[in-house]
């Protein structure tokens, strides 16, 4: 595996996600709902799009979602967000650190820290729990030992206790 410039060798990947003009609320901050869209973009930048969606783009070193078996969906089970300070709209991408904070039998949790790209201030922390669902059988899939091993280098602390 080639060295990923987004990965510092620790448990976190760093991705940059553009803020859109339409993401802004009346106060000049990124709207709380739009922040979830930014988190989704960070997940895709870090781990690839779900298999069978969109067209190929940039390869990712940890294709957690793009190498799923046919008929498997990566579904959001839960989002948790703690807003620390407002993320002001800027015409430069927000810096987001992404890591895995939990791997369970049939789900994993992606953790994030969102930073203002100019000041470097941490604006929010969040987590998204994902389960893998097999459409044909209607069942939740267990996470394989191979997938757990693939995730192990990015396993870090939770944002919530």
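Relative to the longest principal axis of the Cα atoms of the chain, helix 32-47 runs at roughly 50 degrees. Comparing 48, 136, 28 in a Gaussian network model of the chain (Cα springs below 10 Å), the most mobile by mean-square fluctuation is 136. Scoring 33-40, 93-100 by mean Cβ neighbours within 10 Å over their residues and listing the highest first yields 93-100, 33-40.
Only Cα pairs under 8 Å and 6+ residues apart enter the sum, and on that basis the relative contact order of the chain stands at 25 percent.
Using Cα springs under 10 Å in a Gaussian network model of the chain, which residue among 127, 78, 41 shows the largest mean-square fluctuation? Its mean-square fluctuation being the largest, the pick is 78. For the chain, modelled as a GNM whose springs connect Cα atoms under 10 angstrom apart, the maximal fluctuation among 72, 129, 139 occurs at 139.
The coefficient of translational diffusion for the stretch 109-161, derived via Stokes-Einstein from the alpha carbon Kirkwood radius under 37 °C and 0.692 mPa s, stands at 239 µm²/s.
When Cα extents along the principal axes in Å is computed from the coordinates, the matching label among (1) 47, 37, 33; (2) 46, 31, 29; (3) 56, 25, 25 is (1). Only helical runs count toward this figure. For the chain, summing -39,500 (n - 2.57) over DSSP H runs of n ≥ 4 and dividing by all residues gives -4500 deg cm²/dmol at 222 nm.
We did not get these values from a lab; they are worked out from the coordinates using the rules stated. Computed from a predicted structure; not experimentally measured. Positions of Cβ are backbone-derived with ideal geometry, glycine not excepted, and every protein chain shown enters the neighbour counts.
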